[in-house]
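Asks: Could you have a look at this structure, given as C-alpha cells, before my questions?
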Amino acid sequence: MAVLNKRKWFYLLAPGVFDLPPCSCGNPETQWSEYEHHLWCDKCNKDFVPAHNGVFDGPIPVMACALLGISFDRFNIEKNCVERFVVETGNYQ
C-alpha cells in the first residue's frame with residue numbers, strides 16, 4: 001500500500017479554479033485533501049487523485065492567471081500563515 005504524505009500547504013483558491021477535474025461521482029466542488037497530490041470529495045467522503053492537474057500540467061502563465069484573478073497564494077500549514085505569491089518575482093513572501 002502506498003504511503004500518503006501529509007500536505008504542508010494548500011492554495012487558498014479551490015481546486016476547480018485551477019481547472020482540476022471533479023471527483024468520479026461528478027462533484028466539481030472538491031477541496032484540497034490533507035494528503036499531497038490528492039483532492040477531497042465531501043459527497044463521497046474520500047480522498048482521490050485527480051485525472052489530470054489542470055493548469056499545473058504545463059507551463060503556468062502566471063501573468064495571464066493574475067489578469068484572470070487566479071491567485072497562487074497559499075496557506076502554510078506548518079507555519080500557520082498565508083504566503084503571498086509575488087507574480088513579478090515568482091516567489092512567496
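Every read-out reported here was derived from the displayed coordinates using simple, explicitly stated rules and does not represent laboratory data. Here the structure is a predicted model, which is why all the values come from computation and not from measurement. Cβ placement follows ideal geometry from the backbone for every residue including glycine, while neighbour counts extend to all protein chains displayed.
Asks: How big is the dipole moment of the stretch 9-92 about its Cα centre under a simple scheme where the beta carbon of each Lys and Arg is +1, that of each Asp and Glu is -1, and everything else is neutral? Debye, nearest 20, please.
Replies: Working: 5 positive and 11 negative charges, 16 e Å.
Here the stretch 9-92 has a charge dipole of around 80 debye.
Asks: I want the local charge near LYS8. Using Cβ-Cβ distances under 14 Å, sum +1 for each Lys or Arg and -1 for each Asp or Glu among the other residues.
Replies: Details: positive: LYS6, ARG7, ARG74, LYS79; negative: GLU34, GLU36, GLU78, GLU83.
That works out to 0.
Asks: Just in the chain: which trypsin sites (Lys or Arg not before Pro) are loop by DSSP and have at most 10 other Cβ atoms within 10 Å?
Replies: Numbers: sites: LYS6, ARG7, LYS8, LYS43, LYS46, ARG74, LYS79, ARG84; in loops: ARG7, LYS8, LYS43, LYS79, ARG84.
The qualifying sites are LYS79.
Asks: Continuing with the same structure: How much length, in nm to one decimal, is gained on full extension between GLU29 and LEU12, taken as 0.36 nm per residue of separation minus their Cα-Cα distance? Intermediate results must be reported in sequence, preceding the final value.
Replies: Numbers: separation 17, 0.36 × 17 = 6.12 nm, distance 1.41 nm.
Result for the pair: 4.7 nm of gain on full extension.
Asks: Pop a pseudo-label 7 angstrom from the Cα along the beta-carbon direction at both ASP73 and ALA2 and give the gap in nm to one decimal.
Replies: Placing both labels 7 Å beyond Cα along the Cβ direction yields 3.1 nm.
Asks: Under the rule of -39500 (n - 2.57) per DSSP H run of 4 or more residues, summed and divided by the residues of the chain, what mean residue ellipticity at 222 nm is obtained, to the nearest 500 deg cm²/dmol?
Replies: Numbers: 1 runs with 6 residues, N = 93.
Result for the chain, helices only: -1500 deg cm²/dmol.
Asks: Further, regarding this structure: Positive end of the charge dipole of the chain (Lys, Arg +1 and Asp, Glu -1 on Cβ, about the Cα centre): tell me which of HIS38, ILE60, VAL17 has its Cα farthest that way.
Replies: HIS38
Asks: While we're here: Kindly provide the GluC sites (Glu not before Pro) of the chain that DSSP labels as loop, not H, G, I, E or B, and whose Cβ sees at most 10 other Cβ atoms within 10 Å. Don't jump to the answer; show the numbers that get you there.
Replies: On the way: sites: GLU29, GLU34, GLU36, GLU78, GLU83, GLU88; in loops: GLU29, GLU34, GLU36, GLU78, GLU88.
Sites meeting the loop and neighbour criteria: GLU78, GLU88.
Asks: Quick one: plug the Kirkwood hydrodynamic radius of the chain (C-alpha pairs) into Stokes-Einstein at 10 °C, 1.306 mPa s, and report D in µm²/s.
Replies: Details: Rh = 14.2 Å.
Here the translational diffusion coefficient equals 112 µm²/s.
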